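First comes the structure, then the notes that go with it.
The values are calculated or read from the model by the stated rules, or taken from the named source; none is laboratory data. Note that the structure is a prediction, hence the values are computed from the model and not measured. Using ideal geometry, Cβ is built from the backbone for each residue, glycine included, and neighbour counts are taken over all protein chains shown.
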Amino acid sequence: MSTEKANIHGLKAVPPAGSNAVQESLDNVCPKCFGTGMEVVEGKGARICACRKLKSQSGQFGRVRLPKRYDGFHFGNFKTPQGFQSEALMAAMEWQHAYPKVDRGLLFMGSVGVGKTHLAVSILKGLTERGFDCLFYDFATLLKEIQDSYNASTQTSELGVLSPVLNAPVLVLDELGASKPTDWVRDTMAHVINTRYNDKKLTIFTTNYLDQRRTDRDEVLEDRIGTRLRSRLYEMCDTVVMIGNDYRRTFDKGLPRRA
């Protein structure tokens, strides 16, 4: 049957043997289950293949809106020096295992690169794998999507953007306070936080701002979100302070110096 006839009858034409399409298709076939989704284990019979589980998890995490950059984040590969970061890891794991029997969220506070987002994402992954509904948003991204909703050409609405954020049983709001604290930004933060507070929704926040100034030039979280919202967070969340070195610096090997 020719390719043209195959398309007319609604059939998918098979590429000629040796073509790049065939080779690409073969390369993508799982070597354990050969694309069937079931692998045979000697002495144990058939079971669902790990590749099928990974695809299922990928779909789940997509609904959570986790960025691709965080695909490899989980509790097992969190770098845990002694001290605050180790204590933060234990707090995050205990919270995840205790859910849904928890009545307060978490507020991870600390300088950049200490693993705040890593722990927050790990919590969401653990809950998602257990079948709970969660949502992830970087605060700056949320603000951008709300701003874009005012543009009719984007085919979105402010309500459409905010509805899942307000209603998610567990929300991670990453980088709280990172955006310039204009009146509009503070009003938006207040709407999200107060709505979730009144509806008793659990929220996990991360922020680079602490509650105490280390130098006269430092801003604290209250400077970025206001006294009223900072007070509200004391009631909504257990505070987890993380102090340590920026682990991202380990990726910078530097260039060879010229003599």
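Within region 102-115, the set of residues being assigned to a loop (DSSP other than H, G, I, E, B), under 14 Å from ALA91 (Cα atoms) and at pLDDT 95 or above comprises VAL102, ARG104.
Of the listed requirements (1) surrounded by 19 or more Cβ atoms within 10 Å (Cβ to Cβ); (2) in a loop (DSSP other than H, G, I, E, B); (3) not basic (Lys, Arg), PRO181 misses just one: (1). Scanning region 179-201 for residues being farther than 22 Å from LEU127 by Cβ and of a type in the set (Asp, Glu) gives a total of 2.
For region 237-255, the condition holds for no residue, the condition being that it is surrounded by 18 or more Cβ atoms within 10 Å (Cβ to Cβ), assigned to a helix (DSSP H, G or I) and modelled with pLDDT of 95 or more.
When the residues of region 211-236 are filtered to those that are acidic (Asp, Glu) and in a helix (DSSP H, G or I), the one that is surrounded by the fewest Cβ atoms within 10 Å (Cβ to Cβ) is GLU235. Within region 153-178, the set of residues being in a helix (DSSP H, G or I) and under 28 Å from GLY126 (Cα atoms) comprises GLY160, VAL161, LEU162, SER163, PRO164, VAL165, LEU166, ASN167. What about THR203, is it touching a Lys or Arg at 6+ places or on another chain (Cβ under 6 Å) and on the phi < 0 side of the Ramachandran plot? Yes: the conditions hold for THR203. It is to be established whether one or more residues within region 78-93 are within 25 Å of LEU162 (Cβ to Cβ), touching a residue at least 12 places away in the same chain (Cβ under 8 Å), touching a helix residue (DSSP H, G or I) at 6+ places or on another chain (Cβ under 9 Å) and in a loop (DSSP other than H, G, I, E, B). Checked region 78-93: no residue is within 25 Å of LEU162 (Cβ to Cβ), touching a residue at least 12 places away in the same chain (Cβ under 8 Å), touching a helix residue (DSSP H, G or I) at 6+ places or on another chain (Cβ under 9 Å) and in a loop (DSSP other than H, G, I, E, B). In region 191-210, the residue that is surrounded by the most Cβ atoms within 10 Å (Cβ to Cβ) out of those that are more than 22 Å from ASP103 (Cβ to Cβ) and of a type outside the set (S, T, N, Q) is TYR209. Criterion applied to GLU175, GLU235 was being touching a helix residue (DSSP H, G or I) at 6+ places or on another chain (Cβ under 7 Å), closer than 30 Å to GLY131 by Cβ and not hydroxyl-bearing (Ser, Thr, Tyr), and the one residue passing it is GLU175.
Limited to region 201-231, what total is found for residues that are touching a residue at least 40 places away in the same chain (Cβ under 8 Å), over 10 Å from MET109 (Cβ atoms) and among the hydroxyl-bearing types (Ser, Thr, Tyr)?
1
The set of residues in region 116-144 being in a helix (DSSP H, G or I), among the charged types (D, E, K, R) and under 27 Å from LEU159 (Cα atoms) consists of LYS125, LYS144.
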